[in-house]
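Here is the structure we will look at.
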Amino acid sequence: MLPMDRIRALLLEHDDPGHLERPADFDLDSPRECFARLVGALEERFGSSRSRGLLAQDASFYGVIDVSADAADPGRPLCVLMSNFGNYFVTAEAVAEKGAPSGDAGLSEEFVTWLDGVCTAMGCTFVPADLLREPYNGPSFLEAHRDEEFVAALVAAGEVTEDEDDDEEIGKAYWEDRYFAYM
């Protein structure tokens, strides 16, 4: 796997605030082929899977591949995502019981090494989910920033006080918000 500092640099390098959903030079055939190869590798390892969100409107990710709990290494459902950016950033998360991603903690080291190898062979970059949960410090204006502006407007209008706004997440964005989310 690439060193974390190099992956961080790639995330920042491919962040274009003028193109939130996909890069300016996005070519539909290339990600389609790459995603099909990623699906093929996962199906070869785990059996059938389910793909969703293929080139979803208003999204910075190309698609999601779901692997059932019965087939996945950690014995929990597995979710592998491919971004539209960075010669295709790829990440994976084990899914907790309630359907929420649980991050890298649920992935075996053997699986992470395997997926990183698959990504390297395909020319993609595997990005650990825990790195994607680091605070976003890029140039793009993301949905979380809109929340912060909205709350500030409500406070300015006297609709709410700052004390009522105890949610520490308002206005905070993470790298996963930039490359693996709806914009």
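General remarks:
- Among the residues making up segment 3-18, those that are open to solvent by 80 Å² or more (accessible area, probe 1.4 Å) and either of a type in the set (A, V, I, L, M) or part of a helix (DSSP H, G or I) (or both) are Asp5, Arg6, Arg8, Leu12, Glu13.
- Criterion violated by Glu21 - all others in (1) assigned to a loop (DSSP other than H, G, I, E, B); (2) acidic (Asp, Glu); (3) surrounded by fewer than 13 Cβ atoms within 10 Å (Cβ to Cβ) satisfied: (3)
- Condition broken by Val112, with the remaining ones in (1) modelled with pLDDT of 95 or more; (2) open to solvent by 20 Å² or more (accessible area, probe 1.4 Å) satisfied: (1)
- Restricting segment 161-182 to residues that are touching a helix residue (DSSP H, G or I) at 6+ places or on another chain (Cβ under 7 Å), of a type outside the set (Phe, Trp, Tyr) and surrounded by 12 or more Cβ atoms within 10 Å (Cβ to Cβ), the residue that is modelled with the lowest pLDDT: Asp165
- Test: residue in segment 57-69 that is under 18 Å from Phe180 (Cα atoms), part of a strand (DSSP E or B) and open to solvent by 40 Å² or more (accessible area, probe 1.4 Å): no
The values are calculated or read from the model by the stated rules, or taken from the named source; none is laboratory data. All figures in this text were calculated on a predicted structure; none of them were measured in a lab. Note that each Cβ is placed from the backbone with ideal geometry, even for glycine, and that neighbours are counted across all protein chains shown. Keep in mind that these areas ignore ligands, DNA and RNA; they rest on the heavy atoms of the full protein, side chains included. Shrake-Rupley method; radii C 1.70, N 1.55, O 1.52, S 1.80 Å.
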